[in-house]
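J.: Pasting a structure here, questions to come.
The values are calculated or read from the model by the stated rules, or taken from the named source; none is laboratory data. Because the structure is a prediction, the values reported are computed rather than measured. Ideal geometry is used to build each Cβ from the backbone, glycine not excepted, and the neighbour counts take in all protein chains shown. Remember, those area values only see protein heavy atoms, side chains included, never the ligands or the DNA or RNA. Shrake-Rupley method; radii C 1.70, N 1.55, O 1.52, S 1.80 Å.
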Amino acid sequence: MAQKFEQLPEELQLATSAHVKYIQSLDTRKDEYGYWLTEHLRLNGLYWGLTALHLLGHPDALPRNETIDFVLSCQHDSGGFGAAPGHDAHMLSTVSAVQILATVDALDELDTRGKGRLQVGKFIANLQNSETGTFAGDEWGEEDTRFLYGAFNALSLLGLLHLIDVDKAVDHIAACANFDGGYGVSPGAESHAGQIFTCVAALTIAGRQDLINKERLGRWLSERQVAGGGLNGRPEKKEDVCYSWWVLSSLEMIGKTHWIDRDRLAAFILRCQDTENGGISDRPGDMVDVWHTVFGIAGLSLLKYPGLEAVDEVYCMPKAVTARVLGH
Amino acid sequence: MSRALDPETITALNQVDPEAAYREISETLAATSDGLLEIEILSHTLFPQPGQFVLRDGRAIGVSKLGLVQAFMFARKQLRDHLDGTTPPDADVLALTGVILLFDPEYLTAANTRKRLLQARISSFSSSSAGGGDDDVILRDLFKKEFHFVDTLLTSRLHRHTKSPTLWSHRRWLVTVQASRVGSINFNADVLKAFQDVVFVAGERHPRNYYAWCHARFLVGLGVSAASDQDREDFRRAVFDWCRKHHTDISGWSFLWFLLDLEREIPEKAAPRASADVFSQVLDLSRWMRPVSESVWWFLRTVAASGLVSDILIEDFLGVHTEVLAKAKDPVDQAVLRAAVEWYDTHRCRDGQNIAVGDGRDGDVGADTSNTNRQEG
């Protein structure tokens, strides 16, 4: 199916250099407030920004050495990473750390300068609930399929999936499948596009897509497209650019992206840009942030917007990176 | 409150004394009150007096946005020093973390530090040789204050706090710890009350509040074995009532479906009757709803297809559907209605079929019908 991007009006072109400048500006400590107010999200933000830059074709826009130094400064003796130096270790920031290092081709620094790849793997593996197979985010016990997916993502990149009980985790995901076709945070939870992404991606990593009722799931996902062309995350919610990723990548994984109108989705994402100052927002006219920027760009990449690097729909990382690391 | 600051705000911020702001705001948070505080973050233009950062009217608290930013900057540094061990260990950690979480509920380290402190205090009572009545009073007070803090944030008009997974997880931890100390659950006191005071309120403050309703399922899992038949019926009615008042809220309907599905596992006859009652009442409501609610029809098609209701009610469902579709002028409404019956027909349980998914079926059945959904307009 040919995308008609070149037929889109001027204002609906991707403002690549503005986005690059926007992401780079997040890295400068222009004012102390901006830095400290978001410190507790820094490592996650770095993963979002770095991934967006790679997909935009500007992999060197952030300094590599400083990036690696910063990531390693977030690591605890346990092997886990916090969102910033001195912040508590958590699954999500640990996964971001692994993804960042993989992207800049520095996973070996975990062994040479960090606590060791295995220690990271152990931190993650220790968070698995041996009874139910799911994963907690940290020692305080919140369980969520996001953390299960995070574990599969990071451990597969590290070559350490064997540290966990994959089968048990897979059984848990199967138990999270809902009658309406979707998946939630735990068995019996409300279906949610974000949680669907985590469950489908984890099953894909485990090679167990056979457990997915693709027709019913595809139907649920295709109903997320609203009149404006954008996608929402659940019934009767507003469209939001980040669902261009969660819904679209899920459809991609089960081979059903043609069940939505891809042209109108692309146009919606492009309308969410701040073409002057860079960045993408949740919907047109709102304030931009780096989270919506990466997922908007990742969505456009999946939609084959010209000039973008291919994104890996399972890992939300450049395909070139996952191919290199996983040896595809 | 947005995390980004514009230049004018930064200029105004530099005129605020961070420590003074921190003192006033943290003292306000710590003050006892009957019932939860109602906190809002307000523009500094509402605070004409320099050096004033809080407005108070009974339980209603207005906190200056600028004051809160500076209070956060102060508290963040103090907490950092405390965690690094560079300040004496008597820092008022609850006050520091309280201000930090008021500023940003996703500040994980603050929430965890609170749990560490509480856990240490709770453990000290367990191992105390004194034991007895006084300890119980102190412990009860400790839990009461912490629930007061987290529930105030979860039921506030602060958009990010009411849906914060960090705060809801903190509450889950608190409930779990308290339950393990007390050893038993009273359905009305522990579960129903939490719904009335916290879940229903948070669900209203922040529509489609995913984590609030996750917490709802957690509470039910904890307390359902302590519930009598009457308890369960009253509870179902309370939930249905909430759904009726918030009929475009998919999370409410999803939770009601969860309750009906749970009843399936209870062998008494109450189960089918509960589903039948709820289903037919929702059908009645759906006749007059304009515009047509996708969430309501999600509920109807799901229950209709689940095998939980009788053929007679299915006939009613199809009849109401025809009636509402005939009156529907908006193509979006028409699409929702058509999709509901198509979905029901495609996915309904045939005799003896297990509704568990993951049967590995793959195929493009339904692709065309899916593409006709939501493409209008």
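The rows are residues; the columns are (1) at pLDDT 95 or above; (2) closer than 23 Å to residue A:116 by Cα.
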site: A:33; (1), (2): no, no
site: A:36; (1), (2): no, no
site: A:60; (1), (2): yes, no
site: A:67; (1), (2): yes, yes
site: A:74; (1), (2): yes, yes
site: A:85; (1), (2): yes, yes
site: A:91; (1), (2): yes, yes
site: A:100; (1), (2): yes, yes
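J.: Then there's this: Which condition number does residue B:162 fail, the rest of (1) part of a helix (DSSP H, G or I); (2) modelled with pLDDT of 95 or more being met?
T.: Answer for residue B:162: the failing condition is (1).
J.: Within region A:99-190, which helices (runs of 4 or more DSSP H) (wholly inside it) include 1 or more residues that are within 14 Å of another protein chain (Cβ to nearest Cβ) and either at positive phi or among the β-branched types (Val, Ile, Thr) (or both)?
T.: In region A:99-190, the matching helices (runs of 4 or more DSSP H) lie at A:145-158, A:166-175.
J.: For region A:238-277, give me the residue count where each residue is closer than 25 Å to residue A:20 by Cα and among the small types (Gly, Ala, Ser).
T.: Of the residues in region A:238-277, 4 are closer than 25 Å to residue A:20 by Cα and among the small types (Gly, Ala, Ser).
J.: Filter region B:319-352 down to residues that are surrounded by 14 or more Cβ atoms within 10 Å (Cβ to Cβ) and part of a helix (DSSP H, G or I), then give me how many there are.
T.: Within region B:319-352, residues that are surrounded by 14 or more Cβ atoms within 10 Å (Cβ to Cβ) and part of a helix (DSSP H, G or I) number 19.
J.: Another question, if that's okay. Please go through region A:165-216 and pick out each residue that is of a type in the set (S, T, N, Q) and over 26 Å from residue B:252 (Cα atoms). Reasoning before the result, please.
T.: Taking region A:165-216 and keeping what is of a type in the set (S, T, N, Q), we get A:178, A:186, A:191, A:195, A:198, A:204, A:209, A:213.
The answer is A:204, A:209.
J.: Another one. Just to be sure I understand, how many residues within region B:44-92 are within 14 Å of another protein chain (Cβ to nearest Cβ) and within 19 Å of residue B:28 (Cβ to Cβ)?
T.: Final tally of qualifying residues: 14.
J.: Just to be sure I understand, how many residues within region A:220-254 are in contact (Cβ under 8 Å) with a residue 40 or more places away in the chain, assigned to a loop (DSSP other than H, G, I, E, B), farther than 21 Å from residue A:208 by Cβ and in contact with a Leu (Cβ under 7 Å, 6 or more places away or on another chain)?
T.: Within region A:220-254, residues that are in contact (Cβ under 8 Å) with a residue 40 or more places away in the chain, assigned to a loop (DSSP other than H, G, I, E, B), farther than 21 Å from residue A:208 by Cβ and in contact with a Leu (Cβ under 7 Å, 6 or more places away or on another chain) number 2.
J.: Would you mind stating whether residue A:14 is modelled with pLDDT of 95 or more, surrounded by 19 or more Cβ atoms within 10 Å (Cβ to Cβ) and in a loop (DSSP other than H, G, I, E, B)?
T.: Against the criterion (modelled with pLDDT of 95 or more, surrounded by 19 or more Cβ atoms within 10 Å (Cβ to Cβ) and in a loop (DSSP other than H, G, I, E, B)), residue A:14 qualifies.
J.: Answer yes if at least one residue in region B:23-33 is open to solvent by less than 10 Å² (accessible area, probe 1.4 Å) and in a helix (DSSP H, G or I), and no otherwise. Before the answer, list the steps.
T.: Filtering region B:23-33 down to residues open to solvent by less than 10 Å² (accessible area, probe 1.4 Å) leaves B:25.
If we keep only those that are in a helix (DSSP H, G or I) as well, we get B:25.
The answer is yes; a qualifying residue exists.
J.: Would you say residue A:279 is in contact with a helix residue (DSSP H, G or I) (Cβ under 9 Å, 6 or more places away or on another chain) and either more than 11 Å from chain B (Cβ to nearest Cβ) or over 21 Å from residue A:318 (Cβ atoms) (or both)?
T.: It is false that residue A:279 is in contact with a helix residue (DSSP H, G or I) (Cβ under 9 Å, 6 or more places away or on another chain) and either more than 11 Å from chain B (Cβ to nearest Cβ) or over 21 Å from residue A:318 (Cβ atoms) (or both).
J.: Would you be able to tell me the number of residues in region A:29-66 that are assigned to a loop (DSSP other than H, G, I, E, B), away from every other protein chain (no Cβ under 14 Å) and open to solvent by 60 Å² or more (accessible area, probe 1.4 Å)?
T.: Of the residues in region A:29-66, 2 are assigned to a loop (DSSP other than H, G, I, E, B), away from every other protein chain (no Cβ under 14 Å) and open to solvent by 60 Å² or more (accessible area, probe 1.4 Å).
J.: Taking the condition facing another protein chain (nearest Cβ under 9 Å), polar (S, T, N, Q) and touching a Lys or Arg at 6+ places or on another chain (Cβ under 9 Å), does residue A:213 pass?
T.: In short, yes.
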